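Values quoted throughout were computed directly from the atomic coordinates according to the rules given, and no laboratory measurement underlies them. For clarity, every value in this text was computed on a predicted model and none was experimentally measured. Every residue, glycine as well, gets a Cβ built from its backbone with ideal geometry; the counts of neighbours run over all protein chains shown.
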Amino acid sequence: MAALLGEKESAAPALAQMAAGLRAPVSGRVLVGRMGGLMASTSSREGRTKVAMIPGAPVLPEGMTPGGIISLSASASGARRGEARKRTDELLGWLGMTKRGDTPSARLTEDERRLAFLGATLASGPSFLVVECPIHETMIEPLNGFATHGPGRGVLFLASRVGEIPQGTDMIALCDGSGVKAVIRHSQLLDTVKGGAEIRVAFYPVLPRKIMEQIPGIRGLINRDGCYFFNHEDTTYALVHVCNIARANARTVAHLSLAPPTPSALLAAFLPGKENLQPDLFDTPGSESDT
């Protein structure tokens, strides 16, 4: 499982559509298949049968049930009636939706509708999924199971903030307006987020800026509307200093909150200079230069 992480105005949404075969790249091709094996262009008939996309806001007809839409998808992909019924029952059980299989979509929760849409998507037999919608915890296990069930399978998530990336994701592609700028492991991202959170603090009475500047290692200090915004490589260390400063200066901490770093801030953390650009993990000597 991998993710494209970037603000909405970045190239990440367009790259997700290219991966799903809904948009053609300006040059080159988008290939799908098992690495080291036979790969097909997503614009080809074979490629389109391998790729499926779960949109940001999946819509089901009000009278359609999860069992009905999964069965319809299985039949449309060539399954006979008995096989479609068996595949539907298996998917409903796998998704934990057996008891809701005959419930009209109008009476389902948003997360249940997403699970029903996921079931219909999997019923068509794809080997690669592109997921635009936010991932609820109920979807993580089925998606992880799909990705690890057989060789050549994969899931690509689209995320505009760190919290949208599910646990179990292997690689993260950090994107800006021009495309993918760095490919990192999820563990690297989590380590950076622990120390890269944006800290927001307000004191009463207001604390002079020169005192805040005394926190060792403080970065990006901004004073806006009576609040200080900054980050630090060690969030816990910074929070301890904030409390100590308040106590030493007879101040009350009127507000304190943390927010994960933005994709832009993460890019700055992983790309401090052009000389530190991450290598292309998918580029091998003699490989075809496809997009």
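If R0 is taken as 35 Å, the Cβ-Cβ distance between TYR204 and THR236 corresponds to a FRET efficiency of 0.90.
When you restrict to C-alpha pairs under 8 Å that are six or more residues apart and normalise by the size of region 47-123, the relative contact order lands at 49 percent. Summarising the label geometry, the points placed 7 Å from Cα in the beta-carbon direction at LEU190 and ARG107 lie 4.0 nm from one another. Cα extents for the chain along the principal axes, largest to smallest and rounded to whole angstrom: 76, 53, 27. Rounded, prolate or oblate: pick one for region 85-217, where a ≥ b ≥ c are the square roots of the eigenvalues of its C-alpha gyration tensor, a/c under 1.5 means rounded, and failing that, prolate if a/b is larger than b/c, else oblate. Prolate. For the chain, relative contact order (Cα pairs under 8 Å, six or more residues apart, normalised by length) works out to 23 percent. Annotation for LEU72 and THR49: the two label points, set 7 Å from Cα along the Cα-Cβ direction, are 2.3 nm apart. Once you reduce region 208-234 and region 17-68 to the center of their Cα atoms, the two points are 46 Å from each other.
Per-residue packing, averaged as other Cβ atoms within 10 Å, sorts the ranges 259-266, 177-184 into the order 259-266, 177-184, beginning with the highest.
Counting neighbouring Cβ atoms within 10 Å and putting the fewest first, the residues HIS149, HIS136 line up as HIS149, HIS136.
Report summary: the helix-based calculation at 222 nm, which adds -39500 (n - 2.57) for every DSSP H run with n ≥ 4 and divides by the residues of the chain, gives -10500 deg cm²/dmol.
Sort 160-172, 122-134, 243-255, 102-114 by the packing proxy (mean of other Cβ within 10 Å over each peptide's residues), most packed first.
122-134, 160-172, 102-114, 243-255
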